[in-house]
Each structure stands twice: as C-alpha cells, then as structure tokens.
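One structure is given here, and the rest of the page talks about it.
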Amino acid sequence: MKAVIQCGGMGTRLRPFTSVLPKPLMPIGARPVLEMLLKWLRRNGIQEVYITTGYLGHLIRTVCGDGSQWNLKIRYTQEMEPLGTIGPLSLIRDELTEPFIVLNGDVLTDLSLSRFVAAHRKHNDPVTIATACRLIKMDFGVIDEVDNRVQIFREKPTLSHLVSMGIYCMNPDVLQFIPSGIPFGFDDLMLQMMQNGTTVHVYKHDGLWLDIGRVDDFQNAQAISWEDQSASIEVTATAA
C-alpha cells in the first residue's frame, strides 16, 4: 500500500519557528517529526511514500532524500500555488490505482495501520477517517436555549468531541471528487461526498495521537521517550 504525506502547509500555528523550518521538520528531541512519521510508516509495512511539498519543500527533499536510509521509496510533488489539504492528490492521481493512506505531515501516533486498513476494507466506500476523542475546554459560558429562553447554562465546560486525526484510508474512486489546479481542502471533499450521498466511515482510535501543529501537542511530544514508544509499538504489532 502507498502512503501520501501532506507537507505543503506553512505551519502558521508554530510561528516564528516555521519561518525557517517547514512544520514537518520541527524537532522532537533530536529528530524531525517527518523522520519519526516515516519510520512509523515503515514499521507498519509501508514501503512507497509520496511527499507533497510546497512551502520550503527543498528542505524536506534535502533531509529525506529518496528514503533509502529507511528502506523506503520516496517521491515528491511540488505545489507552485497552495492546493489545500487534499488538493495535492490531484498531482499524483495516475499513481493511486489501489487503496492508499493519506496523512498530514505533523501527526505522531501509535495507530495500527493494519487494523485501520482492515476496517476500511470491510466496506466499499471511498474514505475512512481515523478519529480520536479530544476534550476541549471552553473559555466561555455555554448556553442551551429554546425560543430565546435559557434551558441550560454551563460555565466554561469541558466538552468531548470526536475529531479527525489527519489520517485517512482512501480508495482511488475518491479522486473523482478532487479537482485539479485549485485549492481543495478535506472539508471541501467531505461536503462534496455528503452532497453526493456517498458514505464516509470513521475508525475510532483510543491510543496515542498528537497534532504537532498545535503548540500544546508539540510541547507534550518533547516529554515522551519515543525510542521506548517505538519499541512497545513493535512488540504490540508482533503480538497482534
């Protein structure tokens, strides 16, 4: 199975650091996020990777090369203009002839790709989204009302939401929804698919997931012993 890592974004949430480094090269300890992500893919059996690049893409090419140091085959795309979070797939649509993985270049997780892909293969629909539960602290008093009358008032509650992890398993037929040459986000894709009546599935993951583009997650990642984490993942995968 092929994987596509989306690395074209400007990383605005981590400025000023991303003024000199693209977000996927931000360091976690001594290693860039992207290196850790590539090693995770390789542990999960992926050997062919496309990296979509735009902002400071030449630095990503310099660091990762052809992928041979990780026993991977890496190819790149270059966006002349930003194509959004899912638009870059249009640049390689002829290469994606079998089910494939798409993921953001700023995620760290212990998700089992084999289980994720197995769940995707149980249905014939184009997309399965890996999801996680996130608790979000509201900074406001939240009001539930009916006919302009307050029914419930909660002062700065913590709310639970099922959120996208930025990891997707897709079938090639999803590419029919993605236009060429214009910015196109994953939200645009979801809107088009739902308007078309196409079912989108979710896979619920209850393990580790960090979005390095968020400052809190970036800081939390620094406190994790990733060598120990990798070893435990490999043991778990072997046992499975």
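Considering only the stretch 183-195, state which residues are surrounded by 14 or more Cβ atoms within 10 Å (Cβ to Cβ) and in contact (Cβ under 8 Å) with a residue 40 or more places away in the chain. Steps first, answer last, please.
Of the residues in the stretch 183-195, the ones surrounded by 14 or more Cβ atoms within 10 Å (Cβ to Cβ) are 183-184, 186, 188-190, 192-193.
Matches in the stretch 183-195: 183, 184, 186, 188, 189, 193.
Condition check ((1) within 27 Å of residue 131 (Cα to Cα); (2) at pLDDT 95 or above; (3) open to solvent by 40 Å² or more (accessible area, probe 1.4 Å)) across all residues:
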{"position": "57", "(1), (2), (3)": "no, no, no"}
{"position": "61", "(1), (2), (3)": "no, no, yes"}
{"position": "64", "(1), (2), (3)": "no, no, no"}
{"position": "86", "(1), (2), (3)": "yes, no, no"}
{"position": "101", "(1), (2), (3)": "yes, yes, no"}
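Does residue 52 satisfy the condition of being at pLDDT 95 or above, part of a strand (DSSP E or B) and among the polar types (S, T, N, Q)? Steps first, answer last, please.
Working: at pLDDT 95 or above: no; part of a strand (DSSP E or B): yes; among the polar types (S, T, N, Q): yes.
Judged against the criteria, residue 52 is not a match.
Pick from 59, 72, 111: which is in contact with a Gly (Cβ under 8 Å, 6 or more places away or on another chain) and of a type outside the set (Ser, Thr, Tyr)? Step through it out loud before you land on a result.
Details: 59 fails: in contact with a Gly (Cβ under 8 Å, 6 or more places away or on another chain); 72 fails: in contact with a Gly (Cβ under 8 Å, 6 or more places away or on another chain).
Checking each option against the conditions leaves just 111.
Might you check whether a residue that is assigned to a loop (DSSP other than H, G, I, E, B), under 25 Å from residue 24 (Cβ atoms) and either polar (S, T, N, Q) or within 15 Å of the chain's Cα centre (by Cα) (or both) occurs anywhere in the stretch 91-106?
There is at least one residue in the stretch 91-106 that is assigned to a loop (DSSP other than H, G, I, E, B), under 25 Å from residue 24 (Cβ atoms) and either polar (S, T, N, Q) or within 15 Å of the chain's Cα centre (by Cα) (or both).
Within the stretch 145-164, is even one residue in contact with an Asp or Glu (Cβ under 7 Å, 6 or more places away or on another chain), in a strand (DSSP E or B) and aliphatic (A, V, I, L, M)? Break it down stepwise before answering.
Quick first cut of the stretch 145-164, residues in contact with an Asp or Glu (Cβ under 7 Å, 6 or more places away or on another chain) only: 151-152, 156.
Subset that is in a strand (DSSP E or B): 151-152.
Then keep just the ones that are aliphatic (A, V, I, L, M); that gives 152.
Yes: the stretch 145-164 contains one or more residues that are in contact with an Asp or Glu (Cβ under 7 Å, 6 or more places away or on another chain), in a strand (DSSP E or B) and aliphatic (A, V, I, L, M).
Kindly indicate whether any position in the stretch 12-19 is among the polar types (S, T, N, Q), at pLDDT below 95 and surrounded by 15 or more Cβ atoms within 10 Å (Cβ to Cβ).
Narrowing the stretch 12-19 to residues among the polar types (S, T, N, Q): 12, 18-19.
Next cut, at pLDDT below 95 only: 12, 18-19.
Pick out the ones that are also surrounded by 15 or more Cβ atoms within 10 Å (Cβ to Cβ) and you get 18.
The answer is yes, given that some residue of the stretch 12-19 is among the polar types (S, T, N, Q), at pLDDT below 95 and surrounded by 15 or more Cβ atoms within 10 Å (Cβ to Cβ).
Looking only at residues that are modelled with pLDDT of 95 or more and open to solvent by 40 Å² or more (accessible area, probe 1.4 Å) in the stretch 161-171, which one is nearest to residue 54 (Cα to Cα)?
It comes out as 164.
Looking at residue 35, is it open to solvent by 60 Å² or more (accessible area, probe 1.4 Å) and among the acidic types (Asp, Glu)?
On the way: open to solvent by 60 Å² or more (accessible area, probe 1.4 Å): no; among the acidic types (Asp, Glu): yes.
No; evaluated as a whole, the condition is false for this residue.
Among the listed residues 198, 158, which satisfies the condition of being at negative phi, surrounded by 13 or more Cβ atoms within 10 Å (Cβ to Cβ) and of a type in the set (Ser, Thr, Tyr)? Break it down into steps so the answer makes sense when it comes.
Working: 158 fails: surrounded by 13 or more Cβ atoms within 10 Å (Cβ to Cβ).
After applying the criteria, what remains is 198.
The values are calculated or read from the model by the stated rules, or taken from the named source; none is laboratory data. Remember, it's a predicted structure, so these values are computed and weren't measured experimentally. Cβ coordinates were reconstructed from backbone atoms using ideal geometry, including for glycine residues, and neighbour counts include every protein chain displayed. Each accessible area value is taken on the protein alone, full model and side chains, heavy atoms only, with ligands, DNA and RNA left out. Shrake-Rupley method; radii C 1.70, N 1.55, O 1.52, S 1.80 Å.
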